[in-house]
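The values are calculated or read from the model by the stated rules, or taken from the named source; none is laboratory data. As the structure is a computational prediction, the values presented were derived from the model and not from experiment. Cβ: placed from backbone, ideal geometry, glycine included. Neighbour counts: every protein chain shown.
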Amino acid sequence: MTELAPGAHSLGHGKGGHVHAFLVDAGGELSLVDTLFEDDGRLVLAELDRLGRPHSDLKRIAITHAHRSHLGGMAALVRATGAKLCAHAWEADIVAGERRAQPVTILPEQSLKLLKFQLGLRLNRPKHHPVPIDEALDDGDAFGPLQVMHTPGHSPGSLSFYWPERRFLMVATWPELCPGWTAFNLNPKQTQRSLQRVAALEAELVGVGHGDPLTRRAADDVHALAERPP
């Protein structure tokens, strides 16, 4: 766990493609963006214990997009905390296990290391433990202290979250400082428009779904990505 700013925590581990989640503490309530890969939620619950917070302080969980790497701990955390589960309406039936996530190409566009993740998404393996969402989030909504942004491209219902007081942006995916793994972006033109939109925020901190957060020259890096052709 890393505290990026007061009340803004990054949790990550190697599984699921160095997947990360983000715990936000504001006004005595905790909000969580994504749930890591492990299906028991233990890393998030351990962090609540480390902070000396009862599990019931976690009031809400948001899913940036319905890929397995981000859904792993969802069911266990909802059971353990009673938190309200939120996602974009387009992703809701995937989260609830009623539809599979859209498959991606299995061509090795960037690295052979990614092939196992591409195959996993295409074959819907491993499956997540489904949970119906409690609330659909869309552009302009509030999620705790965070502003919700609908940023499609990686998937049609991808969400990003921005905490203005901390200038902290959380986006769905961004491994190795590229606009997501190319093979996993279903719509490159939408991805580019979404990058241009979040670049305008001039965020000082950027938390990404895969890889370490950007804590130096974050705004410059986002602008550089947004200027690349799709």
Q. If you check ALA21 against the conditions, is it assigned to a strand (DSSP E or B) and either modelled with pLDDT of 95 or more or surrounded by 16 or more Cβ atoms within 10 Å (Cβ to Cβ) (or both)?
A. yes
Q: Show the residue pairs that are 6+ apart or on different chains and have beta-carbon atoms under 7 Å apart, the first residue being within the range 197-222 and more than 18 Å from VAL148 (Cβ to Cβ), the second being surrounded by 19 or more Cβ atoms within 10 Å (Cβ to Cβ) and among the polar types (S, T, N, Q).
A: HIS210/THR173; PRO213/SER10
Q. Looking at HIS9, is it touching a helix residue (DSSP H, G or I) at 6+ places or on another chain (Cβ under 8 Å), part of a loop (DSSP other than H, G, I, E, B) and closer than 23 Å to SER160 by Cβ?
A. no
Q | Members of the range 151-174 that are modelled with pLDDT of 95 or more, hydroxyl-bearing (Ser, Thr, Tyr) and out of contact with any Ser or Thr (no Cβ under 7 Å at 6 or more places or on another chain) | A | TYR162
Q. Which one is surrounded by the fewest Cβ atoms within 10 Å (Cβ to Cβ) among residues in the range 178-204 that are touching a strand residue (DSSP E or B) at 6+ places or on another chain (Cβ under 9 Å) and at pLDDT below 70?
A. TRP181
Q. Just for the range 45-59: of the residues that are of a type in the set (A, V, I, L, M) and touching a His at 6+ places or on another chain (Cβ under 9 Å), which one is surrounded by the most Cβ atoms within 10 Å (Cβ to Cβ)?
A. LEU48
